[in-house]
Amino acid sequence: MIPYGRQDISEEDIEAVVSVLRSDFLTQGPVIPAFEEAVAKYCGVLKGVAVNSATSALHIACIALDVGPGDLVWTSPITFVASANCALYCGASIDFVDIDPLTYNMSVDALRVKLESAAQNGKLPKVVIPVHLAGQPCEMAPIKELAERYGFKIIEDASHAIGSKYRGEYVGNCRYSDITVFSFHPVKIITTGEGGMAVTNDLKLANKLTRLRSHGITRAPQEMTRIPDGPWYYQQIELGFNYRMSDIQAALGLSQISRLNEFLAKRYSIAKKYDELLSNTFLKTPLQHVDSCSSWHLYIVRIKREEIRFTHKDIFERLRNFGIFVNLHYIPIYRHPYFAAMGFHHENFPESESYYSEAITLPIYPGLQENQQLEVIKRIRAPTGHQNLF
Ligand SMILES: *Cc1c(COP(=O)(O)O)cnc(C)c1O
């Protein structure tokens, strides 16, 4: 079976984890800050706050930006549900901005139009969450301009995009956002087993995120409401969570980030090979925006429906029968029953709908061997084993 994504664990990664197991601290030890600093340094941002998942990072990022009941948060419909759930955890409402037909990221034009009418209805979002789908960065400069004009905050969901570049700089430098979030789930670019990180240049936000990941507790006398009772003293000053990452996980992350550039190079070369061998077929290969450089977390093709006599679903079934575990990222969020019950209408998201009827994620990960990739290409060009069936 060839999966769509897979982690790559080296002997050095294993050794790094084992050394934490032999040390004094399994959690809240020295490896967490080392991992946070390594990610922050790589991205060119001031602070990183490691947590147990990107979902947790998105949740506390929303709280840190004061998202609460009565507020609106907007994201793309073509993302994992976690990008939307974070708003709901805070009691806010979620809404979606349709995607760009070329990049499949949140459309800046659709965002502009939606903001204009929201401004008239007094229903502007407090936070917008652009998602760098597949590793392709969103057009952050115009989104940031809109944020300044309409007064919303930005959380970048960069779960797919550690190592991606926008206008020559790493995603995560927060030049265009308040907070950026990464995921270290095993299918993502680097992994900690489960894990995530929120990065920011705002030290106040970083402090708040740090408190929120650990029960809302502070040990800093200047944050307390009164003089400490004694050396044992700490205060809970707000409602937080146990969203901590362990040192065991951070050790894996620290070892993995030293291999990030190697991973990116492999993903890039796999993507280029697909680009080359799938051009001039019934598949639309992904566009690389001129302003950006993708991490190639996912390689998403779209079928040209008018040029084939199989359905989208047929292609999935046939490829999966051949052991090629193609996937679909993502089911538009508003189509999930939980969200559909909130009254979203498919007609409001024509680009997302057409994407959903055409998209296929092909296998891409550092350990994908050339012969496996050629097998995928052969099967997808002729999924029944015969040539020219399309
Ligand atoms: C994976 C993913 C998440 C959630 O990440 P976890 O670390 O599994 O919580 C959020 N958003 C997007 C776009 C993702 O792909």
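In debye, nearest 20, what is the charge dipole magnitude of the chain about its Cα centre with +1 on Lys and Arg Cβ and -1 on Asp and Glu Cβ, if you could check? Mind dumping the intermediate values first?
Values: 39 positive and 42 negative charges, 66 e Å.
Rounded to the nearest 20 debye, it is 320 debye.
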Which order do peptides 313-321, 295-303, 220-228 fall in by mean Cβ count within 10 Å, highest first? 295-303, 313-321, 220-228
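Using a Förster radius of 41 Å, what is the FRET efficiency between Gln28 and Phe325 based on their Cβ-Cβ separation? Nearest 0.05, please. Walk me through the intermediate numbers first.
Details: r = 38 Å, r/R0 = 0.92.
Computed FRET efficiency for Gln28 and Phe325 comes out at 0.65.
Which values, in whole Å and largest first, are the semi-axes of the equivalent ellipsoid of the range 158-210 obtained as the square root of 5 times each eigenvalue of the Cα gyration tensor? Spell out each step's value before the answer.
On the way: eigenvalues 74, 54, 6 Å².
Ellipsoid semi-axes (Å, largest first): 19, 16, 6.
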Tell me the label-point distance for the pair Ile217, Glu116, using the 7 Å Cα-to-Cβ offset, in nm and rounded to one decimal. 5.2 nm
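May I ask you to order 46-58, 203-215 by the average number of other C-beta atoms within 10 Å around their residues, highest value first?
Values: 46-58: 25.2, 203-215: 19.5.
Sorting 46-58, 203-215 by mean packing, highest first, produces 46-58, 203-215.
Over the chain, what is the relative contact order in whole percent, taking alpha-carbon pairs under 8 Å and six or more residues apart? Don't jump to the answer; show the numbers that get you there.
Working: 802 pairs, mean separation 87.6, N = 390.
This gives 22 percent for the chain.
I need the peptides 353-364, 122-133 ranked by packing, meaning the mean over residues of other C-beta atoms within 10 angstrom, with the highest value on top. Spell out each step's value before the answer.
Values: 353-364: 20.0, 122-133: 23.2.
Packing proxy ranking, top to bottom: 122-133, 353-364.
Plugging the Kirkwood radius over Cα pairs into Stokes-Einstein for the range 67-125, at a temperature of 10 °C and a viscosity of 1.306 mPa s, what D comes out in µm²/s?
Values: Rh = 11.9 Å.
So the translational diffusion coefficient is about 133 µm²/s.
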Please work out the FRET efficiency for the pair Met224 and Glu169, using the Cβ-Cβ distance as r and a Förster radius of 41 Å; give the result to the nearest 0.05. 0.60
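Let me have the relative contact order for the range 179-238, percent, based on Cα pairs under 8 Å that are six or more residues apart. Write down the numbers at each step before the final one.
Details: 64 pairs, mean separation 13.7, N = 60.
Averaging sequence separation for qualifying contacts and normalising by length gives 23 percent for the range 179-238.
If N is the number of residues in the range 67-180, what value comes out of its Cα radius of gyration divided by 2.2 N^0.38 Å? Could you put the intermediate results ahead of the total?
Numbers: Rg = 13.0 Å, N = 114, 2.2 N^0.38 = 13.3 Å.
For the range 67-180, the normalised Cα radius of gyration comes out at 0.98.
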Treat every Asp and Glu Cβ in the range 1-157 as -1 and every Lys and Arg Cβ as +1, leave all other atoms uncharged, and give the resulting dipole magnitude about the Cα centre to the nearest 20 debye. 480 debye
Leaving out ligands, DNA and RNA, and with a 1.4 Å probe, what % of the accessible surface on the chain is carbon or sulfur? 51 percent
Charge dipole of the range 59-210 about the Cα centre (unit charges at C-beta), most positive-ward option of Cys86, Val73, Asn207: Asn207
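Using the alpha carbons of the range 122-170, what is the convex hull volume per residue in cubic angstrom, as a whole number? Before the final figure, lay out the partial values.
On the way: hull volume 3.5 nm³, N = 49.
In the range 122-170, the Cα convex hull volume per residue is 72 Å³.
DSSP beta bridges in the chain, what fraction antiparallel, as a percent rounded to 5?
Here the share of antiparallel DSSP bridges comes out near 65 percent.
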Using a basic spin-label model with each label point 7 Å from the Cα along Cα→Cβ, how many nm lie between Glu276 and Leu21? 4.2 nm
Once you keep just the Cα pairs under 8 angstrom separated by 6 or more residues, what percentage relative contact order results for the range 300-390? 41 percent
Note down the magnitude of the dipole of the range 277-385 about its Cα centre, charges +1 on Lys and Arg C-beta and -1 on Asp and Glu C-beta and zero elsewhere, to the nearest 20 debye. 360 debye
Relative intensity, log₁₀ I(q)/I(0), of the chain from a Debye sum that treats every alpha carbon as a point, q = 0.07, 0.08 Å⁻¹: -0.33, -0.43
Provide the solvent-accessible area of Cys90, counting protein heavy atoms only and rolling a 1.4 Å probe, rounded to the nearest 10 Å². 20 Å²
Given a cut-off of 29 Å, name the pairs among Lys41/Lys153; Lys41/Lys204; Lys188/Lys378; Lys144/Lys304 whose C-alpha atoms lie farther apart than that in the structure shown. Lys144/Lys304
Bin by bin, in steps of 5 Å, what percent of the Cα pairs in the range 101-148 do you find, going until the bin that has the longest distance? 5, 20, 31, 23, 14, 6, 2
Work the Kirkwood hydrodynamic radius out for the range 169-280: mean of 1/r over every pair of different alpha-carbon atoms, inverted, in Å. 17.1 Å
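Tell me the per residue accessible area of the chain using a 1.4 Å probe; a whole number in Å² is fine. Display every interim value, and only then the final one.
Working: 17100 Å² over 390 residues.
It amounts to 44 Å² per residue over the chain.
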Would you be so kind as to identify which of Leu111, Pro3, Thr192 lies farthest towards the positive end of the dipole of the chain, taking Lys and Arg as +1 and Asp and Glu as -1 on Cβ and the Cα centre as origin? Pro3
Taking only the alpha carbons of the range 299-358, the radius of gyration and the largest Cα-Cα distance, Dmax, both in angstrom, are 13.5, 39
Taking only the alpha-carbon atoms of the range 1-112, the convex hull volume per residue, in cubic angstrom, is 186 Å³
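The values are calculated or read from the model by the stated rules, or taken from the named source; none is laboratory data. Source: prediction; values computed, not measured. Cβ atoms come from the backbone with ideal geometry, glycine included; neighbour counts cover every protein chain shown. Please note that ligands, DNA and RNA were not included when accessible areas were found on the heavy atoms of the full protein model with its side chains. Shrake-Rupley method; radii C 1.70, N 1.55, O 1.52, S 1.80 Å.
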